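S.K.: Below are the structure tokens for one structure; questions will follow.
The values are calculated or read from the model by the stated rules, or taken from the named source; none is laboratory data. It should be emphasised that the depicted structure is a prediction, and the values quoted were computed from it without experimental measurement. For neighbour counting, all protein chains shown are included, and Cβ atoms are generated from backbone atoms with ideal geometry for every residue, glycine included. For the accessible areas, the whole protein counts, side chains as well, though only heavy atoms, and no ligand, DNA or RNA atoms are used. Shrake-Rupley method; radii C 1.70, N 1.55, O 1.52, S 1.80 Å.
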Amino acid sequence: MPTPRIIIKDHTAEANLFARRSVIALLVVLVMMAMVVSNLYYLQVTRFEDYRTRSNGNRIKVLPVAPNRGLIYDRNGILLAENRPVYSLEVIPEKIENLDEVIAELQALLNLDADDVEEFYQDLKRQRRFKPVSLRNRLSPEEVAIFAAHQHHFPGVSVEARLARHYIYGDALTHVLGYVAKINKRDLQKLAEAGQEANYAATYDIGKLGIEKYHEELLHGEVGYQEVEVNSQGRIIRTLDFSPPIPGKDLVLNIDIKLQLEAQRAFGGERGSVVAIDPRDGGVLALYSSPSYDPNLFVHGISSKAYNKLLNSKDRPLINRATQGQYPPASTVKPHLALIGLEEDIITPETRLYDIGKYQLKNVERVWRDHNPWGHGWVNVTKAIEVSCDIFFYDLAYKLGIDRISESMSAFGFGDYTGIDLHEEADGLMPSRGEIRALFNRAWYIGDTINIGIGQSYWTTTPVQLGQATTTLINKGRRIIPQILRGNMLDTGMVADPLKERRPLDVKNVHNWDVVLDAMYGTVNRDHGTAHKAFLRAPYISAGKSGTAQLITIAQDEKYDAKKIAEEHRDNAMYIGYAPYDKPQIAITVVVENAGHGGSEAAPIARTMMDYYFKDQVFPKHQVIESPQVSNRRSANQSGANTEVNVASTQVEPNMAITQGE
Amino acid sequence: MLRTKFSTDNTSLLHRVHCDGLLLLGLFALMAVGLVTVYSAGGQDLGLIQRQLTRLGLALAVMIAVAQVPPTAYRKLAPYFYIVGVLMLVGVLAIGVIGKGAQRWLDLVFFRFQPSEIMKLAVPMMIAWYISRFNLPPKIRHILAGFILVGIPTLLIAKQPDLGTSLLIASSGIFGLFLAGMSWRFITMVAIAASAFTPIMWFFLMQDYQKQRVLTFLNPESDPLGSGYHIIQSQIAIGSGGLEGKGWMQGTQSQLEFLPERHTDFIFAVFSEEFGLWGVLGLLAIYAFIVIRGMMIAVNAQEAFSKILAGSITLTFFVYVFVNMGMVSGILPVVGVPLPLVSYGGTSMVTLLAGFGILMSIGTQKRLLSR
């Protein structure tokens, strides 16, 4: 059958075929729709929680908010350290097309230093492109105003404000307050070890020195969090939640800033330090190390040039002399030694010897001299302290022996950290046989013991240690740890921290304290006392002890002549003193390096400070109490015993003493 | 049944301008959804809405104009459309303008013009014209000839390269052949051949960026900030919408700009985020309604040409929907296909509505006597 030329269509069959195919196509469409729906069901129902979390993760960022650092006040509520807003010019490199051009324009507009620009380009290399780099750290208000007027020309450049520490009294308190500075890598490591990283997430500075470092935990506070919604560019759209940071505690120090300033004035740039302690509670009223430096320099990053100048200065301003300076205590420890002599029954208050200006042991060639070449004549313990007789203490030390001295002086706190709330503290050295062997690989000689009697030899102490030992004397054995921190400032007022004490020093005879303290009274108030001149006509009654520390050994027959000796080898002038004598409120320790005699160079500083401290107090006119020795003489028969010491008799058996000592 | 219910009283005016009321209802519903979503996704920019409205108006005008032409005219014109279209595609490859990294545009002095858009209609018309000349079901050799007719423009457009459009054009032609009654045996053979062809396509025909898209599709998390970013953010948007959605203009993924191409190709993610699964089901219902209505027009058409053309236009429309939703929700690789009548802008909108114009012409212009 030939194929017809004209195709005859079977319309019904075609329509049926098409309808079948259409139904199939529609079914396929429905199946595909079901696929889409089942996939959407999987995304929107099955995995809803997961995607909701990721969606929130996209848009919600938790930003740490730095707590405000606690303020620091002096004991009278005067502000010492505050937080001030500082403005820095921040540049986001990523947002700027022609960086060099923009920087040049900014440099012209704000008169930027070439140093700033150079530093900026150095920082730029280290930073990621989208992070801000600071172009200038401290903008003056004028510069902020100038930039604000031109800000629209500089997209990607902004002025950022934050709070930075400011030390109102500058260099007067550096060695007390210390300073804060930018958190560095080492700080971060320490924070990580302490699990404090998160707490410092928004914090810029951390305490590096002094109270700022020691009480960092109190001052810092706790970080807060801001939950914000950001868009895909990271721009903050709105704040969703805010848990505010807990600001650091406001601290009140024992420091009396006016007394501190008085101390700074009294030093007038001379090298040395002073520590003033309230013996009643161990509060550090003043602590000044001279020369000092401006801590505010460090807050904003000191230039390496300025830092090297401080570091290499001959005067070593970076060292806290009051707590880190280790000096031979010299004669300032004679009261302490005398107390031990009395306690150990080596001497009695009446024991006396005749001082001819020399001290010699039998069969020992060496001669120990008194600072007074003619000697002081008859001296008992009281006069020995008052006139600072060396011979008496050579003999006492010789008889006590190094072991007893070492043990008892350690009990006073010599050679150990006081526990003052500063990390910058040295422990000094209270020598003992073992320690000298360990440190210098050398035996202990009898000559060393004799030098210990006048606070020389290997014996070193820090001013704060000496101050603590003085308060121990004043408090008759009660040992209060000196503290700079007084308490917290709350809205309701100051809440003081409790005293910190160590195990008290026990004595067999309480009267022995009175003997020693009376001698210190005599040092200031009796005519022959070494500090008599320094405190002449003071309205209050004070007591004290001077010291003159030899820094180089003078050959036996040579005379000490300050003018012939290089300045750095001249004697250190030292003084410990307290007032009022009957109810002590302040104990002051002064060291003036290479200044000469303690009585004439160090005591006046203590006098200036006490005069200031007591300027508002009225004291009754007082009659000098006569030396108990005099009264003893008058009633010599009462005791009856002959307590005079024959110096010659002690000189007989030096070798025995050595063997006994060992 | 639906038709009789509405057509008696409601469509008298519409019929005079050859508009199908139900189809128009579905299209208006989609446009409304589109405008609402574009407003939210485009950052509440009224200018955007204005431009979209202008474009919709223009496209609707084109649709009505197209609907006035009787289907017989289209049948006669089909081969000429096709030949002119293919010539223009060749022209694009020779002298076309490069835009967005692909050579798709022909600069006709007054306006730029994408010949591939013409082919979206010319190919199904050509297939319907060609295949309806024979007794249906078609013979194998006619099917093969039909494949060649589809293949030429498909390859030319793929060469531009425009994978999405070439895919749509290929499917529109193949739908025509399928509806015409392509035998199941042949379909099976083609399926087997296609799967054998896949490696050849991968290694010899696909461009690097196309391969990258496929790889990213297979594992978007492999490059979360690069090529996988789109699909990850899109899935997060959809998934975080949940059942009920975050609410209109409350979608954080879109409002905070984590989602790229929010008001164009990825608008479905915005819709899903803000209106949830319930909203999506509603949107799908509108699409299903339009597809069903289109298929009813096709089934009720008088001639094979009209049936096949109406059917393939309708099914191609669904392919748009499926490909877009599939790529946005991560079950298909990312190809640049907008969500029809919802996505903002595009020349495709005019072509789409012109297609619906043809559907309406087929649905409303019937000769009283069938041949």
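S.K.: Check segment B:333-355 and report whether any residue there is closer than 29 Å to A:Ala13 by Cβ, free of Cβ contacts under 8 Å to residues at least 40 places away in the same chain and within 11 Å of the chain's Cα centre (by Cα).
M.R.: Within segment B:333-355, the subset closer than 29 Å to A:Ala13 by Cβ is B:355.
Subsequent filtering for residues that are free of Cβ contacts under 8 Å to residues at least 40 places away in the same chain retains none.
No, segment B:333-355 contains no residue that is closer than 29 Å to A:Ala13 by Cβ, free of Cβ contacts under 8 Å to residues at least 40 places away in the same chain and within 11 Å of the chain's Cα centre (by Cα).
S.K.: What is the number of the single condition among (1) more than 30 Å from A:Val252 (Cα to Cα); (2) among the small types (Gly, Ala, Ser); (3) outside any strand (DSSP E or B) that A:Ser88 does not meet?
M.R.: (3)
S.K.: Just checking, does segment B:143-150 include any residue being free of Cβ contacts under 8 Å to residues at least 60 places away in the same chain, more than 23 Å from the chain's Cα centre (by Cα) and assigned to a loop (DSSP other than H, G, I, E, B)?
M.R.: Checked segment B:143-150: no residue is free of Cβ contacts under 8 Å to residues at least 60 places away in the same chain, more than 23 Å from the chain's Cα centre (by Cα) and assigned to a loop (DSSP other than H, G, I, E, B).
S.K.: Scan segment B:243-250 and tell me whether some residue there is without any contact (Cβ under 8 Å) to a residue 60 or more places away in the chain and more than 10 Å from every other protein chain (Cβ to nearest Cβ). Don't jump to the end; show me each part of the working.
M.R.: If we filter segment B:243-250 for residues that are without any contact (Cβ under 8 Å) to a residue 60 or more places away in the chain, which is where we start, we get B:243-247, B:250.
Of the ones still in play, those that are also more than 10 Å from every other protein chain (Cβ to nearest Cβ) are B:247, B:250.
So far as segment B:243-250 goes, yes, one or more of its residues are without any contact (Cβ under 8 Å) to a residue 60 or more places away in the chain and more than 10 Å from every other protein chain (Cβ to nearest Cβ).
S.K.: Considering only segment B:155-211, state which residues are over 30 Å from B:Ile297 (Cα atoms), among the aliphatic types (A, V, I, L, M) and outside any helix (DSSP H, G or I).
M.R.: Result: B:Met206, single match.
S.K.: Restricting to segment A:431-459, name every residue that is within 26 Å of the chain's Cα centre (by Cα) and open to solvent by 30 Å² or more (accessible area, probe 1.4 Å).
M.R.: Result: A:Tyr458, single match.
S.K.: Another question, then. Scan A:Leu361, A:Leu342 and give me the residue that is assigned by TED's automatic domain parsing to the domain that holds A:Val590 and modelled with pLDDT of 90 or more. If you could, list the steps in order and put the result at the bottom.
M.R.: Numbers: A:Leu361 fails: modelled with pLDDT of 90 or more.
After ruling out the rest, the residue left standing is A:Leu342.
S.K.: Further question on the same structure: Need at least 2 residues that are in contact (Cβ under 8 Å) with a residue 24 or more places away in the chain and over 18 Å from the mean Cα position of the chain (by Cα) per element, so show me which helices (runs of 4 or more DSSP H) inside segment A:242-361 make the cut, counting only ones lying wholly within it.
M.R.: Hits in segment A:242-361: A:257-267, A:334-343.
S.K.: Mind listing just one residue for me: the one in segment B:313-332 that is facing chain A (nearest Cβ under 7 Å) and in contact (Cβ under 8 Å) with a residue 40 or more places away in the chain and, of those, surrounded by the fewest Cβ atoms within 10 Å (Cβ to Cβ)? It would help to see each step written out before you state the result.
M.R.: Just the residues of segment B:313-332 that are facing chain A (nearest Cβ under 7 Å), to begin with: B:315, B:318, B:322, B:325-326, B:329, B:331.
Then drop every residue that is not in contact (Cβ under 8 Å) with a residue 40 or more places away in the chain, which leaves B:315, B:325, B:329.
Values: B:Leu315: 26, B:Met325: 29, B:Ser329: 24.
Here the residue is B:Ser329.
S.K.: Just to be sure I understand the filter: pairs with C-beta atoms under 8 Å, separated by 6 or more residues or on different chains, first member in segment B:265-280 and closer than 15 Å to A:Tyr51 by Cβ and more than 12 Å from every other protein chain (Cβ to nearest Cβ), second member hydrophobic (A, V, I, L, M, F, W, C) and open to solvent by less than 10 Å² (accessible area, probe 1.4 Å). Which pairs pass?
M.R.: From residues that are closer than 15 Å to A:Tyr51 by Cβ and more than 12 Å from every other protein chain (Cβ to nearest Cβ), the pairs are B:Val270/B:Ala41; B:Val270/B:Ala237; B:Val270/B:Leu259.
S.K.: Could you tell me which residue of segment B:109-165 is surrounded by the most Cβ atoms within 10 Å (Cβ to Cβ), considering only residues that are polar (S, T, N, Q) and within 14 Å of chain A (Cβ to nearest Cβ)? Steps first, please.
M.R.: First, the residues of segment B:109-165 that are polar (S, T, N, Q): B:114, B:116, B:132, B:135, B:154, B:160, B:165.
Subsequent filtering for residues that are within 14 Å of chain A (Cβ to nearest Cβ) retains B:132, B:135.
Details: B:Ser132: 23, B:Asn135: 16.
Among those that are polar (S, T, N, Q) and within 14 Å of chain A (Cβ to nearest Cβ), it is B:Ser132.
S.K.: Filter segment A:286-336 down to residues that are among the charged types (D, E, K, R) and over 29 Å from A:Thr530 (Cβ atoms), then give me how many there are. Give the derivation first.
M.R.: At the first step, the residues of segment A:286-336 found to be among the charged types (D, E, K, R) are A:294, A:305, A:309, A:314-316, A:321, A:334.
So of that shortlist, the ones also over 29 Å from A:Thr530 (Cβ atoms) come out as A:294, A:305, A:309, A:314.
Count: 4.
S.K.: Select from segment A:45-79 the residues that are in contact with a strand residue (DSSP E or B) (Cβ under 9 Å, 6 or more places away or on another chain) and within 14 Å of chain B (Cβ to nearest Cβ) and write down the one among them that is nearest to A:Gln196 (Cα to Cα).
M.R.: Ranking the candidates gives A:Lys61 first.
S.K.: Within the group A:Ser38, A:Ser22, which residue is more than 7 Å from chain B (Cβ to nearest Cβ), within 26 Å of B:Tyr287 (Cα to Cα) and hydroxyl-bearing (Ser, Thr, Tyr)? It would help to see each step written out before you state the result.
M.R.: Values: A:Ser22 fails: more than 7 Å from chain B (Cβ to nearest Cβ).
None of the other options fit; the residue is A:Ser38.
S.K.: Next question, about the same structure. So which residues in segment B:1-55 are modelled with pLDDT of 90 or more, over 17 Å from B:Met349 (Cβ atoms) and open to solvent by 80 Å² or more (accessible area, probe 1.4 Å), if there are any at all?
M.R.: Correct list: B:Leu25, B:Leu46.
S.K.: List every residue pair whose Cβ atoms sit under 8 Å apart, with the two residues 6 or more apart in sequence or on different chains, where the first one lies in segment A:187-200 and is in a loop (DSSP other than H, G, I, E, B) and the second, anywhere, is surrounded by 13 or more Cβ atoms within 10 Å (Cβ to Cβ) and not acidic (Asp, Glu).
M.R.: These pairs meet every condition: A:Glu197/A:Leu188; A:Glu197/A:Leu191.
S.K.: Taking the condition of being touching a residue at least 60 places away in the same chain (Cβ under 8 Å) and not in a helix (DSSP H, G or I), how many residues in segment A:380-425 meet it?
M.R.: Total meeting the criteria: 14.
S.K.: I'm told A:Tyr169 meets every condition in (1) without any contact (Cβ under 8 Å) to a residue 24 or more places away in the chain; (2) within 40 Å of the chain's Cα centre (by Cα); (3) open to solvent by 30 Å² or more (accessible area, probe 1.4 Å) except one. Can you identify the failing condition by its number?
M.R.: Here A:Tyr169 meets the rest and fails (1).
S.K.: Could I ask something else about it? Which of (1) assigned to a loop (DSSP other than H, G, I, E, B); (2) open to solvent by less than 40 Å² (accessible area, probe 1.4 Å) is the odd one out, the single condition A:Pro155 does not satisfy?
M.R.: That leaves (2) as the condition not met.
S.K.: Given B:Ile297, B:Ile286, which one is open to solvent by 20 Å² or more (accessible area, probe 1.4 Å), farther than 23 Å from B:Arg213 by Cα, more than 10 Å from every other protein chain (Cβ to nearest Cβ) and under 19 Å from the mean Cα position of the chain (by Cα)?
M.R.: Working: B:Ile297 fails: open to solvent by 20 Å² or more (accessible area, probe 1.4 Å).
The conditions single out B:Ile286.
S.K.: Could I ask something else about it? When you check B:Glu221 against the structure, is it away from chain A (no Cβ under 11 Å), open to solvent by 80 Å² or more (accessible area, probe 1.4 Å), in a loop (DSSP other than H, G, I, E, B) and not small (Gly, Ala, Ser), yes or no? Reasoning before the result, please.
M.R.: On the way: away from chain A (no Cβ under 11 Å): yes; open to solvent by 80 Å² or more (accessible area, probe 1.4 Å): yes; in a loop (DSSP other than H, G, I, E, B): no; not small (Gly, Ala, Ser): yes.
No, not satisfied.
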